[in-house]
Amino acid sequence: DVKVTQSSRYLVKRTGEKVFLECVQDMDHENMFWYRQDPGLGLRLIYFSYDVKMKEKGDIPEGYSVSREKKERFSLILESASTNQTSMYLCASSRRDGGEETQYFGPGTRLLVL
Amino acid sequence: DQQVKQNSPSLSVQEGRISILNCDYTNSMFDYFLWYKKYPAEGPTFLISISSIKDKNEDGRFTVFLNKSAKHLSLHIVPSQPGDSAVYFCAATGSGAGSYQLTFGKGTKLSVIP
C-alpha cells in the first residue's frame, strides 16, 4: 500500500509566521506535489517536484516555496503566512510511469492563519 | 480557463439506485483520466482510472465511461450506498515527457440518501 504522511493534521499560525508543512512518502516515488483545496475551487497545484532538488511552479506558487532534499520528503514553506493562506493542504506522490501516473494523497493539513 | 469541468456541484441519489457523475474536458492532449473520492478532512482517495485507448473500465460497483469524440467521461456507481457520500473529483493528464501534472475538476458532492 502506498503511504503518504503529512506532519500535522491541524495547524494554527499567526499572520507573518513562517510555516513548514512536511510530507513523506514510502513508495520510492519520483514525483511529489503540493495542492491546496478550497470550497468551490477544487484542488489547485502549488508546486511539484519530479526529482530530488528539482522543483516546478504549479498554478498558484505565490507566497510559497518548497524543498526536496531527499526523494521521500517534500516540504512546503509559507515564508510569511497570511490569512488568505488558510486552507486544506494536500501532498501527493506518483511514480514516473510514462503518462499513466496515479497520484496518491496524504491525509491533508488544515491550516488556519489568524 | 477550466480544462476539466464538473458542471454539477452536487447530486442526491437514493440508496440502491445508480449514481452518475459527469466530467467534460477541453484539452485534446489528455489521454488518461482518473476519479478520486474525498471525505471531509481527509485526502482524496484514488478510485478508478481509464486510458484513452479504452471506452470503459469497471471495478466492482464503479464503472467509468469515456467518450473521446465528445470529450466526456462519466462515473457510474451501482448500487449506490450511504458510504459513497463524498466529493468526487475528476482528473486528467496527457502522455509524453514532463506530463506529471493532473488537472482536476472542481468536484461533485454526492449524497446517497438511505
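We did not get these values from a lab; they are worked out from the coordinates using the rules stated. Please read all numbers here as calculations on a predicted model, not as lab measurements. Note: ideal-geometry Cβ built from the backbone for every residue, glycine included; neighbour counts use all protein chains shown.
Residues of the range B:97-114 being within 14 Å of chain A (Cβ to nearest Cβ) and part of a strand (DSSP E or B), which ones? Full working, then the answer.
Applying the first criterion (within 14 Å of chain A (Cβ to nearest Cβ)) to the range B:97-114 yields B:97-109.
Residues satisfying the conditions are B:THR103, B:PHE104, B:THR108, B:LYS109.
Only one of these is facing chain A (nearest Cβ under 10 Å) and small (Gly, Ala, Ser): B:GLY16, B:GLY43, B:GLY60. Name it. Break it down stepwise before answering.
Working: B:GLY16 fails: facing chain A (nearest Cβ under 10 Å); B:GLY60 fails: facing chain A (nearest Cβ under 10 Å).
Just one listed residue meets the conditions, B:GLY43.
Any residue at all in the range A:74-96 that is more than 24 Å from B:PHE33 (Cβ to Cβ), basic (Lys, Arg) and over 13 Å from the mean Cα position of the chain (by Cα)?
The initial filter retains those residues of the range A:74-96 that are more than 24 Å from B:PHE33 (Cβ to Cβ), namely A:74-87, A:89.
Imposing the further condition that a residue be basic (Lys, Arg) reduces the set to none.
Checking the range A:74-96: not a single residue is more than 24 Å from B:PHE33 (Cβ to Cβ), basic (Lys, Arg) and over 13 Å from the mean Cα position of the chain (by Cα).
Of the numbered conditions (1) out of contact with any helix residue (DSSP H, G or I) (no Cβ under 9 Å at 6 or more places or on another chain); (2) away from every other protein chain (no Cβ under 14 Å); (3) surrounded by 17 or more Cβ atoms within 10 Å (Cβ to Cβ), B:SER28 satisfies every one except a single condition; which is it?
Among (1) out of contact with any helix residue (DSSP H, G or I) (no Cβ under 9 Å at 6 or more places or on another chain); (2) away from every other protein chain (no Cβ under 14 Å); (3) surrounded by 17 or more Cβ atoms within 10 Å (Cβ to Cβ), B:SER28 violates only (3).
Out of the residues in the range A:1-17 meeting the condition of being outside any loop (DSSP other than H, G, I, E, B) and touching a Lys or Arg at 6+ places or on another chain (Cβ under 9 Å), tell me which one is farthest from the other protein chains (Cβ to nearest Cβ).
The first filter runs over the range A:1-17 and keeps only residues outside any loop (DSSP other than H, G, I, E, B), leaving A:4-6, A:10-13.
Next, from what is left, pick out any that are touching a Lys or Arg at 6+ places or on another chain (Cβ under 9 Å): A:10-11.
On the way: A:TYR10: 9, A:LEU11: 13 Å.
The residue in question is A:LEU11.
All but one of (1) in contact (Cβ under 8 Å) with a residue 40 or more places away in the chain; (2) small (Gly, Ala, Ser); (3) in a loop (DSSP other than H, G, I, E, B) hold for B:GLY43, so report the exception by its number.
Single failed check for B:GLY43: (1).
Restricted to the range B:71-96, and to residues that are under 13 Å from B:PHE30 (Cα atoms) and either among the hydrophobic types (A, V, I, L, M, F, W, C) or more than 9 Å from chain A (Cβ to nearest Cβ) (or both), which residue is surrounded by the most Cβ atoms within 10 Å (Cβ to Cβ)? Before the answer, list the steps.
Step one: of the range B:71-96, the residues under 13 Å from B:PHE30 (Cα atoms) are B:71-73, B:90-96.
Still in the running and either among the hydrophobic types (A, V, I, L, M, F, W, C) or more than 9 Å from chain A (Cβ to nearest Cβ) (or both): B:71-73, B:90-92.
Values: B:LYS71: 17, B:HIS72: 14, B:LEU73: 24, B:CYS90: 28, B:ALA91: 25, B:ALA92: 24.
It comes out as B:CYS90.
Take the residues in the range A:23-41 that are crowded, with 21+ Cβ neighbours inside 10 Å and more than 10 Å from A:LYS71 (Cα to Cα), then tell me which one is farthest from the chain's Cα centre (by Cα).
Top of the filtered list is A:GLN37.
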